[in-house]
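Bear in mind that the values in this text are calculations on the coordinates, not laboratory data. Given the structure is predicted, the values throughout are model-derived calculations rather than measurements. Positions of Cβ are backbone-derived with ideal geometry, glycine not excepted, and every protein chain shown enters the neighbour counts.
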Amino acid sequence: MVWVGILAVLFTLSGYHVARNWRLQTDVLALLPQNERDPALESLRRLASGALGRTALFVVAHEQPQVGRDATRQLGAWMTASPLFESVHWDYSRQQHAFFDLYFPLRYQILSPSIRRTLDMPTGYQVLLKRLQQTLYQPTSAFATRFLDRDPLLFFPALAQDWGQSSIRLHVDNGLLTGRENGRWYAVITAQLAFNPFGTQAQIDYDAQLAKWRRDLRQAWPDIQLTSTSVARFASATRQRIHTDIARISLGSILGVVLLTLSTFHTLKHLALALLPIGAGIWSALGLSLWLFGELHALTLAFGASLIGICIDYSFHYFAHHRMAMPWRPQLTMQRLLPALSLGALTTVLSYLGLALTPLVGLRQIAVFASCGILVSFGTVVLCFPHLLRQPHALAHQPPRLYQGAQWTIDLWNRFHLPLLTICTLGIGLGLTGLWSLRISDSPQALNALPQDIVAQDQAMRRLLGETQPQIHLIVTGDSAESALQTLEILHERLGQPPASTTAAPIQFGPVLTDFLPSMKRQKANWSATQTLLAQRQAIAAELVQIGLADPSIEHFFQTLQRSPLPFLHPETWLRHDASAGLRQLWLGESDGHVSLLVPVRQVHDIQLVRDVIARYNGVYYVDPIEDFTRAFKRYRRQSIRLAGGAYLLVFALLLWRYGKRGVWIMLPPLLAALITLEALGLLGQTFHLMHGLALLLILGMGVDYSIFLAESPADAEPTTMLALTLSALTTLLSFGLLSLSNQAVLQAIGLTTLIGVAAALLLAPIARYGRRSS
Amino acid sequence: MWLVMLGLLLTPAITAASATAPLASCADWDNRFQQSLTRATVPEVLRRILAVHQDQGFTSRFAETKHIGLLRRPLHSTGQLVFIPRQGLYRQLNSPFQQEMLITDRAIYQRYAGGATETIALAKLPAAKAFVEAFLAVFSGSWDTLHAHFHVYFSAQESGWQLGLKPAHPVMAKVISCLVLDGEQERLVALHVQETNGDITSDQFLDGRILPESQWAAYRDRFHWPPIE
């Protein structure tokens, strides 16, 4: 009655949390470790990934530019009106003017670095005049001479040329950002999502809206091609795949339980009772996880679905004895089974709790979910079943077929244990080649299995934009905007230029914020540098007259030059101006009293030099998520192997304490199962990573269960125990087998490893009885 | 985005008012030329001229006069140019100063009197690339290449012929209003380029002649420049 009360409370609390806090997390990054070394970097990384994560790219392509333009404008208008986007950039017609309006008046403060270097030379004015002459006589002079009367030394064209060199492969055509590839015209629309890209409902709305726009565009322009990429699309695809996994694993496991229960126990009552601990365990686990973590990761749910195969174990053990017992004593049977069931549940929970010791948040959630589910199932079976199953089984005199199989297995091991052990030893010995050939990888990409079509689309679109290493970036921070901008300028100069001995710069930056928003210090220094021209006024004027420039233009040039500088360009002004549209993501903003800037990186040529230079400045971070996570995963993989090793030793100690020397025999099946699993993974060509290491814990948990049950079983009840083990193992194998078919690499790794390990543990479990015989 | 800047520089709407151009290459266009040509309507004379130039090189000394509206007087220069198919256009300026330039579909290379060189890769400058490709197309002698970049017009009189070209590419059209090639029989005599702001550049080809492939080797060194990265 007490347990029923506990269950009622758990059910109510779970119902409350599911109804109130149900939130399914699909962000694969949520599985990854929090950076425990530098919380500031972690918060910046989140800031950066937030800024980058909300960016969505759309490409409209067609063979005929005019059709493409019409479709792009239509899509741009729809997107602008949609609440799904915070901002949409497709109409660049005003931005051309915005650039000119903002920067042309500031041409003496915001200078091209090449002009600035020339001005710093003693004869800089002569170099500038010569450059003007050379430009005027070129066939391509039209690119530079449009503003000759107001900018005779061509400061602004030099700046524009610098921007052009750092530009991507697109240009503005009729107010749209366009390009050509493989004979097709295309236009790019960029947008900032107004929603969290990992929010389920928002993803659904976004996908539906995108599909509708695609349909509508095709209706108007049949051959139009619309592609898009964003974190939301990846997250949405991941979510859908996980949902498919959950459905497949749940349905498959439940179906397995139903078939096994009905074919072995033949009554609907057994079926109803079998489902009771599963339902109670998983429902309670849902509520507890939501209460503790505030949300549920979709991977936890998928993994939780495989828990069905474990939660049913305790029921099957009890059912197996009920099925065969004559006479039937419900309480006594439970009392006899209790030590084995308790020890089994304890070792399984311990092995799951091992996952909780890792710093990986997602795994902690899985550990809590599984442990809770197992304990509630165990409690329900132990405390409720003796009251719910009072009558003997109607077919107790008629053993099921599986029982005969179990008996045959026990007989086989009894008669041929030496040959069987020899075969096992030989097999394991031969399998060692698999162990040597097992490849190890710590790359997070090994855990990432995104849909190929979406990945290919994303890569193609990034190639159009000229992005080669979109994940790598620098984050520059400062106490103020000015200090951050100054640091960035120094870094850009140090790292963006080739060192004397080489031709390649250590790093090839993407667009650098200070090219568009220089520090106050740089703007003042630039303006001061231009003032040196006033000292050469006569010589410059004479040369400009010689070239043919009108006197009023020359006079106007010197007047504007010697005038006090315009108000310097401040971040606030720049951020508000249309000219910064499309670049604002480089300004990460203020957080914890620091201003942070994002610096995209296209290519890294000398990582060591980059790290050496960065180390000299406070608040500059080199962020390479792949490298960071690989390093972290390597550490965690080693930890997981130590953890698994420690768990095996702990369980071994527990067995020695409980069984004495017999503990060695009981420990042997799970230990050999783990070894066979590693060999099999090697032979199957799998790449071993963190998740395989952690799955070894599960093999221990379940494998040791089987050993204990057989070790605890009296000799005459061995076939019954073996029947229960076979039923349990079949459902477990079904659950983890379905898990191994998952599209998610994490689940696939755990599923496959556990599948092999549990199968091996079951086949080797009879070894656990030898200790008892010898004793 | 910043990459629009080159486009910006070419936008007529924000340019200063140009001074009156002394020549008007594009003026009176409709009276000089009939409607633009298609492959089917290419006159026999033009077919013959193109056939003579197709896959051939071209070299000439040139005298250039450039009228820039913002300058009070025209700029005069002389030099030599060499065009070799698929290798580009080499242009050597002899006066008023020494300067070498090689224009290919991948880059613009420049070498000054002191030996200093400058390379502008065109991959990241679509506007300049469009301009260069169109410029090279003028010398190609290929109808397909010409037609890919321009709307083509043609008129012939007893004294000679004129090939009128109006850019088809919108980026190019922002810079160039029209190009007109003057010729006599199969010989190229002059090239006039009028920009959208009214600036006009006229090149007189003083001794233009076709360079057959057998003679290309003699000019090979002029097309050898440091490779771009």
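Amide H of A:Ser480 versus every other amide H placed in the peptide plane: which residues, excluding those fewer than 5 positions away on the same chain, fall under 5 Å?
Result for A:Ser480 returns A:Val595.
For the stretch B:38-49, what does the Karplus curve 6.51 cos²θ - 1.76 cosθ + 1.60, with θ = phi - 60°, yield as ³J(HN,Hα) per residue in whole Hz, taken in order and with x for Gly and Pro?
After applying 6.51 cos²θ - 1.76 cosθ + 1.60, I find 10, 4, 6, 9, 5, x, 4, 4, 5, 4, 5, 4 Hz.
What translational diffusion coefficient, in µm²/s and rounded to a whole number, does the Stokes-Einstein relation yield for the stretch B:141-224 at 10 °C and a viscosity of 1.306 mPa s, taking the hydrodynamic radius as the Kirkwood radius over Cα pairs? Working shown, then result.
Values: Rh = 14.5 Å.
This corresponds to a translational diffusion coefficient of 109 µm²/s.
Using +1 at the Cβ of each Lys and Arg and -1 at the Cβ of each Asp and Glu in chain A, identify which of A:Leu210, A:Ala717, A:Val604 lies farthest towards the dipole's positive end.
After comparing all options, I get A:Ala717.
Normalised by the residues of chain A, what does the relative contact order come to in percent, with Cα pairs under 8 Å and at least six apart? The partial results should precede the final answer.
On the way: 1174 pairs, mean separation 157.4, N = 775.
So the answer I get is 20 percent.
Return the distance in nm (one decimal) between the two label points of a simple spin-label model at A:Leu650 and A:Asp411, each offset 7 Å from Cα along Cα→Cβ.
Distance between the two pseudo-spin positions: 4.2 nm.
Counting other Cβ atoms within 10 Å, which trypsin sites (Lys or Arg not before Pro) in the stretch A:508-581 have at most 13 and lie in a DSSP loop?
Working: sites: A:Lys521, A:Arg522, A:Lys524, A:Arg537, A:Arg563, A:Arg576; in loops: A:Arg563.
The qualifying sites are A:Arg563.
If amide hydrogens are placed 1.01 Å from N in the peptide plane, which non-local residues have theirs closer than 5 Å to the one on B:Thr78?
B:Glu64, B:Asn94, B:Ser95
When the Karplus curve 6.51 cos²θ - 1.76 cosθ + 1.60 is applied with θ = phi - 60°, which whole-Hz ³J(HN,Hα) does each residue of the stretch A:104-110 get, with x for Gly and Pro?
Karplus-based 3J(HN,Hα) across the stretch A:104-110 equals 4, x, 9, 5, 8, 10, 10 Hz.
Neighbour counts of other C-beta atoms within 10 Å: give me A:Cys372, A:Cys311, A:Cys424 arranged from fewest to most. Don't skip to the end; give the middle numbers.
Numbers: A:Cys372 25, A:Cys311 31, A:Cys424 17.
Listed from fewest to most nearby Cβ atoms, that is A:Cys424, A:Cys372, A:Cys311.
Using a 10 Å cut-off around each Cβ, can you sort A:Leu561, A:Leu474, A:Leu672 from fewest to most neighbouring Cβ atoms?
Lowest count first: A:Leu561, A:Leu672, A:Leu474.
Report the charge-dipole magnitude of chain A in Debye, nearest 20, computed about the Cα centre from +1 at each Lys and Arg Cβ and -1 at each Asp and Glu Cβ. Present the calculation step by step, with values, prior to reporting the outcome.
Values: 61 positive and 49 negative charges, 369 e Å.
Using only the charged Cβ atoms, the result is roughly 1780 debye.
Quickly work out the B:Asp28-to-B:Ser142 label distance, labels modelled 7 Å from Cα along the C-beta direction, and quote it in nm with one decimal.
For B:Ser142 paired with B:Asp28, the spin-label model returns 3.5 nm.
Across 5 Å bins from 0, what is the distribution of all Cα-Cα pair distances for the stretch A:553-594, in whole percents?
Reading the bins upward from 0: 5, 16, 18, 14, 13, 13, 11, 6, 3, 2, 0.
Where does the stretch A:219-375 land on Rg/Rh, using Cα atoms and the Kirkwood Rh?
In the stretch A:219-375, Rg relative to Rh is 1.15.
Defining a contact as two alpha carbons under 8 Å apart and six or more residues distant in sequence, what relative contact order in percent does the stretch A:66-210 show? Walk me through the numbers on the way to the answer.
Numbers: 119 pairs, mean separation 52.4, N = 145.
Relative CO of the stretch A:66-210 lands at 36 percent.
Could you line up B:Val132, A:Val258, B:Val138 from fewest to most neighbouring Cβ atoms inside 10 Å? Can you show the working numbers first?
Working: B:Val132 24, A:Val258 13, B:Val138 20.
Lowest count first: A:Val258, B:Val138, B:Val132.
Which log10 I(q)/I(0) values does the stretch A:619-693 give at q = 0.15, 0.17, 0.22 Å⁻¹ under the Debye formula, counting every alpha carbon as one identical point scatterer?
Log10 I(q)/I(0), no solvent term: -0.68, -0.78, -1.01.
Given labels modelled 7 Å from the Cα in the Cβ direction, how far is it in nm from A:Ala615 to A:Ala715?
7.0
Tell me which residues come under 5 Å, amide H to amide H, from A:Gly199 once H is placed; ignore anything under 5 positions away on its chain.
So A:Gly199 has HN proximity to no qualifying residue.
How big is the C-alpha Rg of the protein assembly as shown next to the rule-of-thumb value 2.2 N^0.38 Å, as a ratio? Let's see the in-between values first.
Working: Rg = 38.7 Å, N = 1004, 2.2 N^0.38 = 30.4 Å.
In units of the 2.2 N^0.38 Å rule of thumb, it is 1.27.
Relative contact order, percent, of the stretch A:119-199 when contacts are C-alpha pairs under 8 Å separated by at least 6 residues? Don't skip to the answer; put the middle values down first.
Details: 36 pairs, mean separation 10.5, N = 81.
Worked out over the stretch A:119-199, it gives 13 percent.
Could you calculate the FRET efficiency of A:Ala539 with A:Gln603 from 1/(1 + (r/R0)^6), where r is the beta carbon distance between them and R0 is 41 Å, rounded to 0.05?
On the way: r = 43 Å, r/R0 = 1.05.
So the FRET efficiency works out to roughly 0.45.
For a Förster distance of 41 Å, can you work out the FRET efficiency between the beta-carbons of B:Ala217 and B:Thr65, rounded to the nearest 0.05? List each step's numbers first, then the result.
Working: r = 33 Å, r/R0 = 0.80.
Taking R0 as 41 Å, the efficiency between B:Ala217 and B:Thr65 is 0.80.
Using the Cα gyration tensor of the stretch A:464-618, with a ≥ b ≥ c the square roots of its eigenvalues, what is the shape: rounded (a/c below 1.5), prolate (a/b larger than b/c) or oblate (neither)? Walk me through the intermediate numbers first.
Numbers: a/c = 2.24, a/b = 1.70, b/c = 1.31.
Here the stretch A:464-618 falls in the prolate category.
From the backbone phi of the stretch A:539-547, what are the Karplus-calculated ³J(HN,Hα) couplings (6.51 cos²θ - 1.76 cosθ + 1.60, θ = phi - 60°) in whole Hz, Gly and Pro given as x?
5, 5, 4, 4, 5, 5, 5, 4, 5
Considering the dipole of chain A built from charges on the beta carbon (Lys and Arg +1, Asp and Glu -1) around the Cα centre, which of A:Gly309, A:Leu193, A:Ile454 is farthest to its positive end?
A:Gly309
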